[in-house]
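Participant: Take a look at this one; I'll ask things after.
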Amino acid sequence: DTRAALPDVKFSLDTYILVKHYISDTYPLNCLSSPNMEADDIIAVVLPMVPMAQKVFIVTCDHDFYQITRPNSEIIDPRSMYLDTDYQNLDEDARAMTCIEKCLKGDIADDIDRSYAKGVRLNFPDLIAAIHNSGVANYASELSTDKLSKEATVLAEILTRHEISHVRYKHNYEMVSFAAIPNSRREDIRRNCEHIIQEALNNDPYGPLP
């Protein structure tokens, strides 16, 4: 699938293994890992395994995590080590729309191209809201199939009307959206991480939230 084919442009595998073992051996931390999966995908899958009574802090400046809507989760910006107020100020709908925006605009940092041609002018707030309000953003995975569901047809019509590439939008969606993580890979992550999550919860000296 698309995610598995991603090259690791940040670290070589050998470097990653050395860093992982160094952290595990040096600090009393639990390291979650699953073969061929990126850290953000692993976090997105394991979060629902953590009871809602347990507070979760995600230290990251990756805005892909804005998709997360669990009320027990907070994002800390590592550049300031303060809570990310931009994330705090977004309601559930606004958080979902951050994913749609990235599917449309792309992201140079993640090597994701925009899904529209150069020179096409778009009213992004209205377009993003239209896709979100139609309730069909999650049907992007169907866009390259021969037979579209009713919901995916609506999405295709919106993209066509605004001169947006179906293929590129689908590709970006599969790269960006946590909802697009294949079920088989979700199961792999759960199987590889479940015992570590449970052990961490059992040994948490602070216990659940009051």
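The values are calculated or read from the model by the stated rules, or taken from the named source; none is laboratory data. Remember, predicted model here, so these are calculated numbers, not experimental data. Cβ coordinates were reconstructed from backbone atoms using ideal geometry, including for glycine residues, and neighbour counts include every protein chain displayed. In case anyone asks, the SASA skips ligands and DNA or RNA and just uses the protein heavy atoms, side chains included. Shrake-Rupley method; radii C 1.70, N 1.55, O 1.52, S 1.80 Å.
Participant: Only residues that are β-branched (Val, Ile, Thr), closer than 20 Å to Ile100 by Cα and touching a residue at least 40 places away in the same chain (Cβ under 8 Å): list them for segment 35-85, please.
Facilitator: Val45, Ile68
Conditions tested, residue by residue: (1) in contact with a Leu (Cβ under 8 Å, 6 or more places away or on another chain); (2) at pLDDT below 80.
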residue	(1), (2)
Ala5	no, yes
Lys10	no, yes
Leu13	no, yes
Leu18	no, yes
Leu29	no, yes
Leu32	no, yes
Asp41	no, no
Pro48	no, no
Pro51	yes, no
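Participant: Restricted to segment 176-210, and to residues that are of a type in the set (A, V, I, L, M) and open to solvent by 50 Å² or more (accessible area, probe 1.4 Å), which residue is modelled with the lowest pLDDT?
Facilitator: Selected residue: Leu209.
Participant: Have a look at Tyr139, Tyr169, Tyr173 and point out the one that is among the aromatic types (Phe, Trp, Tyr), touching a residue at least 12 places away in the same chain (Cβ under 8 Å), open to solvent by 30 Å² or more (accessible area, probe 1.4 Å) and assigned to a helix (DSSP H, G or I).
Facilitator: Result of the check over Tyr139, Tyr169, Tyr173: Tyr139.
Participant: Any idea which of (1) more than 28 Å from Gln198 (Cα to Cα); (2) touching a residue at least 24 places away in the same chain (Cβ under 8 Å) is the one Asp91 doesn't satisfy?
Facilitator: (2)
Participant: Do we find a residue being surrounded by fewer than 18 Cβ atoms within 10 Å (Cβ to Cβ) and not in a loop (DSSP other than H, G, I, E, B) anywhere in segment 50-57?
Facilitator: yes
Participant: All but one of (1) closer than 18 Å to Ile181 by Cα; (2) loosely packed, with under 15 Cβ neighbours inside 10 Å; (3) among the basic types (Lys, Arg) hold for Lys147; state the number of the condition that does not hold.
Facilitator: (1)
Participant: Further, regarding this structure: Determine whether segment 31-39 contains at least one residue that is outside any loop (DSSP other than H, G, I, E, B) and under 26 Å from Asn202 (Cα atoms).
Facilitator: To start, the set of residues in segment 31-39 that are outside any loop (DSSP other than H, G, I, E, B) comprises 39.
Then keep just the ones that are under 26 Å from Asn202 (Cα atoms); that gives 39.
Within segment 31-39 (the criterion being outside any loop (DSSP other than H, G, I, E, B) and under 26 Å from Asn202 (Cα atoms)), the answer is yes, since at least one residue qualifies.
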